[in-house]
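Note sheet for the following structure.
The values are calculated or read from the model by the stated rules, or taken from the named source; none is laboratory data. Since the model is a prediction, treat every value here as computed from it, not as a measurement. No Cβ is skipped: glycine too gets one built from the backbone with ideal geometry, and neighbour counts run over all protein chains shown.
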Amino acid sequence: MPFEKIIQRATEPLYGDEQLRSNLADEEARVVLDWAARWIEEQVGLAKDESSAKRVAQRALARVRPVIGAINVLAAQPGELRLSDGVAALEPLLAGNQKLSRPQVFGLLTILAGATWRVQCEDAKRNR
């Protein structure tokens, strides 16, 4: 993969930062941190050259870090979590100051529905 060292330098601190995962169980932290690493890798992979790859990596890291932090705060809540709790916790970070249009919201809801069903199917396969 091009820019592998840049990706590695951007993602390693996430795995070592206890403050980002202090409330997450190991499996939960793995899910969240692996997602962040994939996001950074995908973004950096689109860069044209090493200089832009470094800038992209820093922007991607700056984008995922607060999301991981919000998930960690959410994880401090005892008991079962509702999907709506997670969406409410992340919405300000994901949409920012921009309003999402109705078609964008519906698009995101359909993506969430499909992703939810895929996760449930994967869990069912593992538990067979």
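Quick check on the stretch 48-102: of everything there that is exposed (fewer than 10 other Cβ atoms within 10 Å of the Cβ) and among the acidic types (Asp, Glu), which residue is farthest from ALA113 (Cα to Cα)?
It comes out as ASP49.
Determine which member of the set ALA37, ALA76 is within 18 Å of ASP17 (Cα to Cα), touching a helix residue (DSSP H, G or I) at 6+ places or on another chain (Cβ under 9 Å) and at pLDDT 90 or above. It would help to see each step written out before you state the result.
Values: ALA76 fails: touching a helix residue (DSSP H, G or I) at 6+ places or on another chain (Cβ under 9 Å).
Unique residue meeting the criteria: ALA37.
Which pairs do you get when a residue that is touching a residue at least 40 places away in the same chain (Cβ under 8 Å), found in the stretch 1-23, comes within reach of a residue that is outside any helix (DSSP H, G or I) and surrounded by fewer than 11 Cβ atoms within 10 Å (Cβ to Cβ), reach meaning Cβ atoms under 6 angstrom, with the pair 6+ apart or on two chains?
Sorted first by the residue in the stretch 1-23, then by its partner, the pairs are ASN23/ALA76.
Find the residue count for the stretch 1-45, including only residues that are among the hydrophobic types (A, V, I, L, M, F, W, C), surrounded by 11 or more Cβ atoms within 10 Å (Cβ to Cβ) and not in a helix (DSSP H, G or I). Explain how you work it out, then say what you get.
Here is the first cut: in the stretch 1-45, the residues among the hydrophobic types (A, V, I, L, M, F, W, C) are 1, 3, 6-7, 10, 14, 20, 24-25, 29, 31-33, 35-37, 39-40, 44.
Still in the running and surrounded by 11 or more Cβ atoms within 10 Å (Cβ to Cβ): 3, 6-7, 10, 14, 20, 24, 29, 31-33, 35-37, 39-40, 44.
With not in a helix (DSSP H, G or I) added as a condition, the list becomes 3, 24.
Final tally of qualifying residues: 2.
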